[in-house]
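Notes follow once the structure below has been shown.
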Amino acid sequence: MTSLPRKDLFDLPPGVIYLDGNSLGPLPRAAGARAARVLQDEWGTQLIRAWNSAGWMDLPARVGNRIAGLIGAAPGSVATGDTLSIKVYQALDAALKMRPERKVILSDSGNFPTDLYMAQGLIDTMGRGHRIVTPASQDVVSAITDDVAVVMLTQVDYRTGRVHDMQAVTEAAHAAGAVMIWDLAHSAGAIPVDLTASAAEFAVGCTYKYLNGGPGAPAFIYARPDVIDGVAPALAGWMGHAEPFAMARDYTPAMSTERLRVGTPPVIQLSILDAALDAFDGLSMDDIRAASVALSDRFIAEVERRCPMLRLVSPRDAGQRGSQVSFAHEQGYAAIQALIAQGVIGDFRPPDIMRFGITPLYLDEADIVAAAERIEAVFRDETWRAPEFNVRSRVT
Ligand SMILES: *Cc1c(COP(=O)(O)O)cnc(C)c1O
């Protein structure tokens, strides 16, 4: 039961080597049947009764508990719904309210843009003179001064795959009196995470990357159980109310992380995510991690041996790397397009980064070697020069 990969659980097109599960996980075979059941047997047949009879009302918390198991969080501490951008906003608002006298949000210059945009939008709305400070990732700890209200970091850098030391950074934040928020977008389902041990107050993440929940799948938010009672939600929606169907005039927050829910849950997407999470059953994140490190090390060795013109931008030390490997090349965009045309799907991030997600649930060593061979061919034969590979699409 614990063996990897589990390719038969995924519906990958023949001939494709999928190295983009860090951006959008592939279709789990169980998703279609589950979605069809929700549409036909539940929505189609039970209609509105399905909120009770098909357990739709319990689904957000049930799926939250399954995610909790993958990120070292206690049952009941993870709520699902909305998008990661929304969850960042909620966590940051809650954290800033815990340190009203402090005015600095400390992040890093490599953070994913939406996290910083949402932070800027929130502090503009608050209008209380907060500012965002973004040093280079290696300088974050030394920048945690006693005016920092919140340290908000994405654990695994989306471009390079560099990992922040969750334990050490959280301890440094707490030692300076700051609140800690971790964005686990590239961690959940990718690397072992122990939120409880970290003692971080909040964490957020999405489920369409390594958790394979599908495009637009709901996000999640974690709050440390001893802080949730003090959280006055920024987005006080009725689904976060203690009794949504009491239809009370005034808002009373639910007594758990459920208060960080906002509106009606996306039942179809949540059901698909629930089915997708079955792929993790019977596996520990340590099993997945060990396989990821072996595949990533092999990928780096194969690509470096075959393609001296590529520069590794991910940490060479597996201990500092998430579950992706990135190489830089000035023709990276066109090279990725040429690779995709040959069935090796990775992606590109400006200015010159070719990203390859290493996902042991559906990749094995033969895939890794075959991908490296095709990368070698793209550069050896300069296939990237073809005009069609040099046209930029909206999504890169
Ligand atoms: C993927 C990702 C997002 C995306 O946010 P959405 O609201 O789901 O579009 C945000 N932050 C980080 C760090 C990400 O990696």
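The values are calculated or read from the model by the stated rules, or taken from the named source; none is laboratory data. This one's a predicted model, so the numbers in the text were calculated from it and none came from an experiment. Neighbour counts are summed over all protein chains in view; Cβ atoms, including those assigned to glycine, are modelled from backbone coordinates with ideal geometry. Surface areas here come from the heavy atoms of the whole protein model, side chains and all, with no ligands, DNA or RNA. Shrake-Rupley method; radii C 1.70, N 1.55, O 1.52, S 1.80 Å.
Select, from 33, 94, 61, the only residue that is farther than 28 Å from residue 237 by Cβ and among the aliphatic types (A, V, I, L, M). I'd like the intermediate steps shown before the answer.
Values: 94 fails: farther than 28 Å from residue 237 by Cβ; 61 fails: farther than 28 Å from residue 237 by Cβ.
Among 33, 94, 61, only 33 is farther than 28 Å from residue 237 by Cβ and among the aliphatic types (A, V, I, L, M).
Within the range 310-335, how many residues are surrounded by fewer than 16 Cβ atoms within 10 Å (Cβ to Cβ) and in a loop (DSSP other than H, G, I, E, B)?
Result for the range 310-335: 3.
Looking at the range 117-138, which of the residues that are within 16 Å of the ligand (Cβ to nearest atom) and open to solvent by 40 Å² or more (accessible area, probe 1.4 Å) is nearest to residue 91 (Cα to Cα)? Steps first, answer last, please.
Taking the range 117-138 as the starting set, the residues that turn out to be within 16 Å of the ligand (Cβ to nearest atom) are 117-122, 132, 134, 137.
Then drop every residue that is not open to solvent by 40 Å² or more (accessible area, probe 1.4 Å), which leaves 117-118, 120, 132, 134.
Numbers: 117: 14, 118: 11, 120: 14, 132: 15, 134: 18 Å.
Here the answer is 118.
Is it the case that residue 102 is within 26 Å of residue 157 (Cβ to Cβ), open to solvent by 30 Å² or more (accessible area, probe 1.4 Å), of a type in the set (Lys, Arg) and over 18 Å from the mean Cα position of the chain (by Cα)?
Numbers: within 26 Å of residue 157 (Cβ to Cβ): yes; open to solvent by 30 Å² or more (accessible area, probe 1.4 Å): yes; of a type in the set (Lys, Arg): yes; over 18 Å from the mean Cα position of the chain (by Cα): yes.
Yes.
Quickly run through the range 369-381 and pick out the residues that are more than 16 Å from residue 354 (Cα to Cα) and open to solvent by 30 Å² or more (accessible area, probe 1.4 Å). Give the derivation first.
Step one: list which residues in the range 369-381 are more than 16 Å from residue 354 (Cα to Cα), which gives 369-370, 380-381.
Within the range 369-381, 380, 381 meet the criteria.
Take the range 95-116 and flag every residue that is within 16 Å of the ligand (Cβ to nearest atom) and either in contact with a Lys or Arg (Cβ under 8 Å, 6 or more places away or on another chain) or not assigned by TED's automatic domain parsing to the domain that holds residue 158 (or both).
Once the filter is applied, which keeps residues that are within 16 Å of the ligand (Cβ to nearest atom) and either in contact with a Lys or Arg (Cβ under 8 Å, 6 or more places away or on another chain) or not assigned by TED's automatic domain parsing to the domain that holds residue 158 (or both), the range 95-116 yields 105, 110.
Just a yes or no: is a residue in the range 149-157 more than 10 Å from the ligand (Cβ to nearest atom) and open to solvent by 60 Å² or more (accessible area, probe 1.4 Å)?
no
Just to be sure I understand, how many residues within the range 300-309 are surrounded by fewer than 16 Cβ atoms within 10 Å (Cβ to Cβ) and more than 18 Å from residue 381 (Cα to Cα)?
Selection size over the range 300-309: 1.
Among 76, 81, 72, which is among the small types (Gly, Ala, Ser) and within 15 Å of the ligand (Cβ to nearest atom)? Spell out how you get there, then give the answer.
Values: 76 fails: within 15 Å of the ligand (Cβ to nearest atom); 72 fails: within 15 Å of the ligand (Cβ to nearest atom).
None of the other options fit; the residue is 81.
So, residue 72, is that one on the phi > 0 side of the Ramachandran plot and in contact (Cβ under 8 Å) with a residue 24 or more places away in the chain or not?
yes
So how many residues does the range 350-381 have that are of a type in the set (Lys, Arg) and under 26 Å from residue 28 (Cβ atoms)? Break it down into steps so the answer makes sense when it comes.
Of the range 350-381, the ones of a type in the set (Lys, Arg) are 355, 374, 380.
Okay, now just the ones that are also under 26 Å from residue 28 (Cβ atoms), so 355, 374.
Going through the range 350-381 one residue at a time, the tally reaches 2.
For the range 190-209, enumerate the residues that are of a type outside the set (A, V, I, L, M) and within 13 Å of the ligand (Cβ to nearest atom).
In the first step, residues of the range 190-209 are kept if they are of a type outside the set (A, V, I, L, M); the result is 192, 194, 196, 198, 201-202, 205-209.
Within the range 190-209, 205, 206, 207, 208, 209 meet the criteria.
Which residue pairs have Cβ atoms under 8 Å apart, sit 6 or more places apart or on different chains, and have a first residue in the range 207-219 that is on the phi > 0 side of the Ramachandran plot and polar (S, T, N, Q) and a second that is modelled with pLDDT of 95 or more and within 11 Å of the ligand (Cβ to nearest atom)?
Here the result reads none, with nothing in the range 207-219 linked to a residue that is modelled with pLDDT of 95 or more and within 11 Å of the ligand (Cβ to nearest atom).
With respect to residue 141, determine if the residue is open to solvent by less than 20 Å² (accessible area, probe 1.4 Å), outside the structural domain of residue 355 (by TED's automatic domain parsing) and more than 22 Å from the chain's Cα centre (by Cα). If you could, list the steps in order and put the result at the bottom.
Working: open to solvent by less than 20 Å² (accessible area, probe 1.4 Å): no; outside the structural domain of residue 355 (by TED's automatic domain parsing): yes; more than 22 Å from the chain's Cα centre (by Cα): yes.
Considered against the rule, which asks whether it is open to solvent by less than 20 Å² (accessible area, probe 1.4 Å), outside the structural domain of residue 355 (by TED's automatic domain parsing) and more than 22 Å from the chain's Cα centre (by Cα), residue 141 comes out as no.
Quick one: count up the residues across the range 351-367 that are open to solvent by 40 Å² or more (accessible area, probe 1.4 Å) and in contact (Cβ under 8 Å) with a residue 40 or more places away in the chain.
Total meeting the criteria: 2.
Taking the stated definitions as given, is residue 15 out of contact with any helix residue (DSSP H, G or I) (no Cβ under 6 Å at 6 or more places or on another chain), in the same structural domain as residue 367 (by TED's automatic domain parsing) and either without any contact (Cβ under 8 Å) to a residue 12 or more places away in the chain or loosely packed, with under 12 Cβ neighbours inside 10 Å (or both)?
yes
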